[in-house]
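*Asks:* Provided herewith is a single structure, encoded as structure tokens, for subsequent inquiry.
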Amino acid sequence: MDHKTRHTRIEPAEVVCVGEALWDLYAPEGIPLEQAKLLRRVPGGGAVNTATALVRLGIRSGLCAALGDDAMGRGLRDEVAAAGIDVGRLSLSAARTGLMLVAIERGEARFAGYRQGESEAQALAAAMPERWQTRVVHFTGIAPVRGASGALARAAASARREGCAVSVDVNARPRMWPRAERAASVPGAGAGAAPASDAGAGVRGCFRLFGQADLVKCSAGDLDVLGTTARGLREHLRPEATLVVTDGARETLLLGPGGERAVAPRPVRPHDPTGAGDAFCAGMLASLVWEGRARWGDAALMLRAVARGHDVARAWVRRKRG
């Protein structure tokens, strides 16, 4: 029994999800946020969504994140643990637990976030464990904060030395990434030398994290936030790494050691699209977790992983979360 969470310990995680953990506060279906008088809270954030989807797929998952040492943070920790997710790498810190207000109208989601980006990023960096003791370490929802993103890149390098496969979901949040200096800060964006600002250093730290990965997943929207292209981002990854670029209902592009491939997802009518990209990542990781890291560059294996990612994301968006 874990006396901190009052939940029975589970077996070691096969995938540890690192990144954002917060509460999604849902308005009643069809009610805009401006009119909602009641909100229902659901565990959310990229790392939590991916870990939750993995558990549903029968993959033991863990969460490495930083929550506020308050009622909201402790409540989120306990609810995540009750879902069967290993919270042994989760820390309670001075940073407040993030909140995301969500309204679903006709299958479209509207968001209003209450986040402390810099404090959250610094607290997450401080929560990195000395050893990972898992098969796959998956980073998602990372904020470009000077020092913090560099610390996560070093943590990813440590995971690789330990023999773990490393995956990254770029999951760039437009409001948490520096827009004015983005193009100049992104390697290969063609805008000249990077500025010596904290924001620019944070973006470069994120690119160092991408460079440690065996698999990087991003969306077309992420590329826009980063200020680069799929081929531009691929140039900064390991030669044996694979970049997967999703674009909603359009084809998913794979750029790997064997060249470029495209996979078309089957059409779906979403009920709640929140977390679809996280579920997609979970589907891919569920296909890859038992494969050795050296196999992750195999084109046929990655095509199967992407197909499963599409299937898991399709099932996820049909569910009602709020």
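*Asks:* Please build a GNM for the chain, connecting alpha carbons under 10 Å apart, and tell me which residue among Ala157, Ala307, Ala294 fluctuates the most.
*Replies:* Maximum among the listed residues: Ala294.
*Asks:* Could you pull out which residues in segment 207-237 have an amide N less than 15 Å from a spot 7 Å beyond the Cα of Glu251, following the Cα-Cβ vector?
*Replies:* 230-231
*Asks:* Applying a 10 Å radius around every beta-carbon, put 275-288, 48-61 in order of their mean neighbour count, most first.
*Replies:* The peptides rank, most packed first, as 275-288, 48-61.
*Asks:* Using a 1.4 Å probe, what is the accessible area per residue for segment 28-104, in Å²?
*Replies:* 43
*Asks:* Need one number: nm distance between label points at Asp224 and Arg161, each 7 Å from Cα along Cα→Cβ, rounded to one decimal.
*Replies:* Label-label distance for Asp224 and Arg161, simple model: 4.0 nm.
*Asks:* Leaving out ligands, DNA and RNA, what percent of the accessible area of the chain is carbon and sulfur, probe 1.4 Å?
*Replies:* Carbon and sulfur atoms account for 49 percent of the accessible area of the chain.
*Asks:* Gain in length, Gln116 to Trp290, computed as 0.36 nm per residue apart minus the alpha-carbon separation, to one decimal in nm?
*Replies:* The span from Gln116 to Trp290 would gain 59.0 nm if fully extended.
*Asks:* Which distance in Å, rounded to a whole number, links the C-alpha centroids of segment 88-108 and segment 231-304?
*Replies:* Taking the Cα centre of each part, segment 88-108 and segment 231-304 sit 25 Å apart.
*Asks:* Follow-up. Taking the Cα-to-Cβ direction at Leu301 and at Glu130 and moving 7 Å from each Cα, how far apart do the two end points lie in nm?
*Replies:* Placing both labels 7 Å beyond Cα along the Cβ direction yields 3.1 nm.
*Asks:* How would you classify the chain from its alpha-carbon gyration tensor, with a ≥ b ≥ c the square roots of the eigenvalues: rounded for a/c under 1.5, else prolate if a/b is greater than b/c, otherwise oblate?
*Replies:* It comes out rounded by the Cα gyration axes.
*Asks:* Another question, then. Given a 10 angstrom Cα cut-off, can you work out which residue in Leu22, Leu92, Leu33 is the most mobile in a GNM of the chain?
*Replies:* Residue with maximal mean-square fluctuation among Leu22, Leu92, Leu33: Leu33.
*Asks:* Separate question: Pop out the ³J(HN,Hα) list for segment 140-153 in order, Karplus 6.51 cos²θ - 1.76 cosθ + 1.60 with θ = phi - 60°, rounded to Hz; leave Gly and Pro as x.
*Replies:* 7, x, 8, 8, x, 10, 3, x, 5, 5, x, 5, 5, 5
The values are calculated or read from the model by the stated rules, or taken from the named source; none is laboratory data. From a predicted model like this one, the values you see are computed outputs, not experimental measurements. Virtual Cβ from ideal backbone geometry, glycine too; neighbours counted across all protein chains shown. In case anyone asks, the SASA skips ligands and DNA or RNA and just uses the protein heavy atoms, side chains included. Shrake-Rupley method; radii C 1.70, N 1.55, O 1.52, S 1.80 Å.
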